[in-house]
Amino acid sequence: MRNIVLFVTAACVLVLVNYNIWQREELIHSGRTVLLELAPVDPRSLMQGDYMALRFKIGDEKFPPGAKDGRMILALDTRSVATFRRFAGDAQPAAGEVAFRYRIRNGKPKFATNAFFFQEKQGDYYSAAKYGEFRLAPDGEAILVALRGADLQTLGPQGRAVR
């Protein structure tokens, strides 16, 4: 009997984990593209491997002290570049706007992630990063999928562009 309970529990955990992975993959493939302008970025960490610590201009400018987790409303231009409109509260976005979820960690806003990891010795590809490319779900959850340059091209080694 104990083996059956263990097997059923393990199977449930595997189903839940795989369902979560499937949801994230669907968001990457079908989520709405939103570009957030980067604030000056920090250099990579030697302790954690090659990565770029990210800050977003919108987080530096718009968040008052004591802000709590929530959603903000962003306007998107024809290139999918976002600009801040207002904090959402319970409001829904109007035409041409999207809701974007943020979390406050250590007093600072976090948009899906605060780091972009890349393969060792490929940091030069990302040094010209000006935008973080996110895929956005209808509920405001987002995943960072790439970094883009000033002319909105996807940055990275040849043949490895994220779409």
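The figures follow:
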| read-out | value |
| --- | --- |
| Potential extension, V8-I21 segment - 0.36 nm per residue separation minus Cα distance | 2.7 nm |
| HN-Hα J in Hz across region 120-129 - Karplus 6.51, -1.76, 1.60, θ = phi - 60°, x for Gly and Pro | 3, 6, 10, x, 4, 4, 9, 5, 9, 4 |
| Candidates per GluC sites (Glu not before Pro) in region 80-163, loop by DSSP, up to 14 other Cβ within 10 Å | E120 |
| Length released on extending from Q92 to A53, taking residue separation times 0.36 nm less the Cα-Cα span | 11.0 nm |
| On Cα atoms only, tilt of 2-30 relative to the major axis of the chain in degrees | 20 degrees |
| Estimated [θ] at 222 nm from DSSP helical runs (n ≥ 4, -39500 (n - 2.57)) normalised by residues in the chain, nearest 500 | -7000 deg cm²/dmol |
| Of every Cα-Cα pair in the chain, the percent that sits beyond 21 Å | 54 percent |
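Quick note: the coordinates plus some simple rules give every number you see, no bench work behind them. Keep in mind the model is a prediction, meaning the values are calculated, not measured. Don't worry about glycine lacking a Cβ; one is built from the backbone with ideal geometry, like all the others, and counts go over all protein chains shown.
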